[in-house]
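Read the structure below first, then the notes.
The values are calculated or read from the model by the stated rules, or taken from the named source; none is laboratory data. In this text, all values refer to a predicted model and were calculated from it rather than measured experimentally. As a convention, Cβ positions derive from the backbone with ideal geometry for all residues, glycine included, and neighbour counts pool all protein chains shown. Quick note on the areas: whole protein, heavy atoms, side chains included, nothing else; ligands and nucleic acids left out. Shrake-Rupley method; radii C 1.70, N 1.55, O 1.52, S 1.80 Å.
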Amino acid sequence: HAPASTPDPLWSRGLGDVYKRQLLRRAHPALSDEVLEFHDLKFNQTTMEVTRSGHTVTIGPKESRLLATLMERPGRVLSRTQLLDLVWGHGVYVEERTVDVHVSRLRKALNSAGADGAVAPNLIHSIRGSGYALRTPQRS
(Lines give C-alpha, C1' and ligand atoms only; values in the text may rest on other atoms or scores of the structure.)
Protein backbone atom coordinates (compact mmCIF):
# COMPACT_ATOMS: atom_id res chain seq x y z
CA HIS A 1 0.00 0.00 0.00
CA ALA A 2 1.47 3.37 -1.04
CA PRO A 3 2.04 6.09 1.56
CA ALA A 4 -0.51 8.92 1.66
CA SER A 5 2.03 11.40 0.31
CA THR A 6 2.42 9.48 -2.97
CA PRO A 7 0.17 11.03 -5.63
CA ASP A 8 -2.39 8.80 -7.28
CA PRO A 9 -1.06 8.05 -10.80
CA LEU A 10 -4.44 8.79 -12.41
CA TRP A 11 -4.70 12.21 -10.78
CA SER A 12 -1.05 13.07 -11.54
CA ARG A 13 -1.60 12.46 -15.28
CA GLY A 14 -4.39 15.05 -15.47
CA LEU A 15 -7.14 12.44 -15.63
CA GLY A 16 -8.54 13.86 -12.41
CA ASP A 17 -9.36 17.10 -14.23
CA VAL A 18 -11.12 15.19 -16.99
CA TYR A 19 -13.11 13.25 -14.40
CA LYS A 20 -14.06 16.46 -12.55
CA ARG A 21 -15.28 18.05 -15.81
CA GLN A 22 -17.37 14.96 -16.59
CA LEU A 23 -18.94 15.10 -13.14
CA LEU A 24 -19.63 18.82 -13.55
CA ARG A 25 -21.25 18.21 -16.95
CA ARG A 26 -23.54 15.57 -15.46
CA ALA A 27 -24.47 17.76 -12.50
CA HIS A 28 -24.88 20.97 -14.54
CA PRO A 29 -25.25 20.23 -18.27
CA ALA A 30 -25.48 23.91 -19.20
CA LEU A 31 -22.04 24.60 -17.72
CA SER A 32 -20.40 22.27 -20.20
CA ASP A 33 -21.39 24.55 -23.09
CA GLU A 34 -20.43 28.17 -22.72
CA VAL A 35 -22.44 29.07 -25.85
CA LEU A 36 -26.15 28.26 -25.81
CA GLU A 37 -27.87 28.15 -29.20
CA PHE A 38 -31.52 28.05 -30.18
CA HIS A 39 -32.94 28.81 -33.64
CA ASP A 40 -31.15 32.03 -34.75
CA LEU A 41 -30.22 32.97 -31.17
CA LYS A 42 -26.79 32.57 -29.54
CA PHE A 43 -25.83 33.35 -25.96
CA ASN A 44 -22.18 33.20 -24.92
CA GLN A 45 -22.36 32.71 -21.15
CA THR A 46 -18.68 33.54 -20.69
CA THR A 47 -18.79 36.95 -22.39
CA MET A 48 -22.54 37.47 -21.76
CA GLU A 49 -22.91 38.35 -25.45
CA VAL A 50 -26.29 37.67 -27.06
CA THR A 51 -26.79 37.65 -30.82
CA ARG A 52 -29.87 37.06 -32.93
CA SER A 53 -29.41 36.47 -36.66
CA GLY A 54 -25.86 37.75 -36.20
CA HIS A 55 -26.98 41.05 -34.64
CA THR A 56 -25.85 41.94 -31.11
CA VAL A 57 -28.67 42.15 -28.57
CA THR A 58 -28.21 44.24 -25.43
CA ILE A 59 -29.98 42.92 -22.33
CA GLY A 60 -29.62 43.37 -18.58
CA PRO A 61 -28.35 40.85 -16.03
CA LYS A 62 -31.79 39.49 -15.03
CA GLU A 63 -32.83 39.18 -18.66
CA SER A 64 -29.53 37.36 -19.33
CA ARG A 65 -30.25 34.86 -16.55
CA LEU A 66 -33.85 34.50 -17.75
CA LEU A 67 -32.68 33.86 -21.31
CA ALA A 68 -30.11 31.28 -20.16
CA THR A 69 -32.78 29.53 -18.08
CA LEU A 70 -35.13 29.29 -21.07
CA MET A 71 -32.35 28.28 -23.50
CA GLU A 72 -31.22 25.50 -21.17
CA ARG A 73 -34.76 24.07 -21.35
CA PRO A 74 -36.02 24.66 -24.92
CA GLY A 75 -39.66 23.79 -25.46
CA ARG A 76 -40.31 23.23 -21.78
CA VAL A 77 -43.06 25.32 -20.21
CA LEU A 78 -41.83 27.07 -17.06
CA SER A 79 -44.29 28.66 -14.66
CA ARG A 80 -43.69 32.11 -13.19
CA THR A 81 -42.92 30.44 -9.85
CA GLN A 82 -40.34 28.15 -11.44
CA LEU A 83 -38.73 31.10 -13.23
CA LEU A 84 -38.65 33.11 -10.00
CA ASP A 85 -36.86 30.25 -8.25
CA LEU A 86 -34.43 29.60 -11.11
CA VAL A 87 -33.62 33.24 -11.94
CA TRP A 88 -34.07 35.15 -8.67
CA GLY A 89 -33.37 32.26 -6.29
CA HIS A 90 -35.27 30.42 -3.57
CA GLY A 91 -36.45 32.43 -0.61
CA VAL A 92 -36.38 35.79 -2.43
CA TYR A 93 -39.71 37.59 -2.27
CA VAL A 94 -40.52 39.00 -5.69
CA GLU A 95 -43.98 39.47 -7.19
CA GLU A 96 -44.83 36.92 -9.90
CA ARG A 97 -45.70 39.81 -12.24
CA THR A 98 -42.01 40.78 -12.11
CA VAL A 99 -41.37 37.79 -14.37
CA ASP A 100 -43.82 39.22 -16.91
CA VAL A 101 -41.98 42.56 -16.92
CA HIS A 102 -38.60 40.91 -17.51
CA VAL A 103 -40.00 38.56 -20.18
CA SER A 104 -41.50 41.58 -21.93
CA ARG A 105 -38.14 43.42 -21.87
CA LEU A 106 -36.35 40.31 -23.12
CA ARG A 107 -38.86 39.79 -25.94
CA LYS A 108 -38.57 43.43 -27.00
CA ALA A 109 -34.77 43.22 -27.15
CA LEU A 110 -34.72 39.88 -28.98
CA ASN A 111 -37.47 40.77 -31.44
CA SER A 112 -35.93 44.12 -32.42
CA ALA A 113 -32.74 42.34 -33.53
CA GLY A 114 -34.12 41.49 -36.96
CA ALA A 115 -32.23 42.24 -40.16
CA ASP A 116 -32.59 45.80 -41.49
CA GLY A 117 -34.66 46.85 -38.47
CA ALA A 118 -37.37 44.28 -39.20
CA VAL A 119 -39.10 42.71 -36.22
CA ALA A 120 -37.85 39.16 -35.68
CA PRO A 121 -40.37 36.40 -34.93
CA ASN A 122 -41.12 35.77 -31.26
CA LEU A 123 -39.22 32.90 -29.62
CA ILE A 124 -40.58 33.28 -26.08
CA HIS A 125 -44.17 32.10 -26.06
CA SER A 126 -46.76 32.72 -23.36
CA ILE A 127 -48.58 29.52 -22.47
CA ARG A 128 -51.91 30.66 -21.08
CA GLY A 129 -52.42 29.61 -17.49
CA SER A 130 -49.02 27.89 -17.37
CA GLY A 131 -46.07 30.19 -17.98
CA TYR A 132 -43.48 30.68 -20.71
CA ALA A 133 -41.58 28.49 -23.16
CA LEU A 134 -38.79 29.01 -25.67
CA ARG A 135 -40.08 27.65 -28.97
CA THR A 136 -39.37 28.09 -32.66
CA PRO A 137 -41.46 30.80 -34.33
CA GLN A 138 -44.96 29.82 -35.33
CA ARG A 139 -45.82 30.11 -39.00
CA SER A 140 -48.64 32.51 -39.79
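Taking the stretch 113-135 on its own, how many of its residues are open to solvent by 80 Å² or more (accessible area, probe 1.4 Å) and at pLDDT 90 or above?
Of the residues in the stretch 113-135, 3 are open to solvent by 80 Å² or more (accessible area, probe 1.4 Å) and at pLDDT 90 or above.
Restricting to the stretch 97-107, name every residue that is surrounded by fewer than 17 Cβ atoms within 10 Å (Cβ to Cβ) and within 18 Å of Glu49 (Cβ to Cβ).
Arg105, the sole residue that qualifies.
What strands (runs of 3 or more DSSP E), lying completely within the stretch 43-140, carry at least 1 residues that are of a type in the set (D, E, K, R)?
The strands (runs of 3 or more DSSP E) meeting that bar are 49-52.
Considering each of Val57, Val119, Val87 in turn, give the residue that is more than 14 Å from the chain's Cα centre (by Cα) and more than 16 Å from Val35 (Cα to Cα).
Unique residue meeting the criteria: Val119.
Filter the stretch 46-72 down to the residues that are over 16 Å from Leu83 (Cα atoms), open to solvent by 50 Å² or more (accessible area, probe 1.4 Å) and not hydrophobic (A, V, I, L, M, F, W, C) and list them by number.
Thr46, Thr47, Glu49, Ser53, Gly54, His55, Thr56, Thr58
Among what's in the stretch 14-50 and is over 13 Å from Leu123 (Cβ atoms) and among the β-branched types (Val, Ile, Thr), pick the residue that is modelled with the lowest pLDDT.
If we take residues in the stretch 14-50 being over 13 Å from Leu123 (Cβ atoms) and among the β-branched types (Val, Ile, Thr), then Val18 is modelled with the lowest pLDDT.
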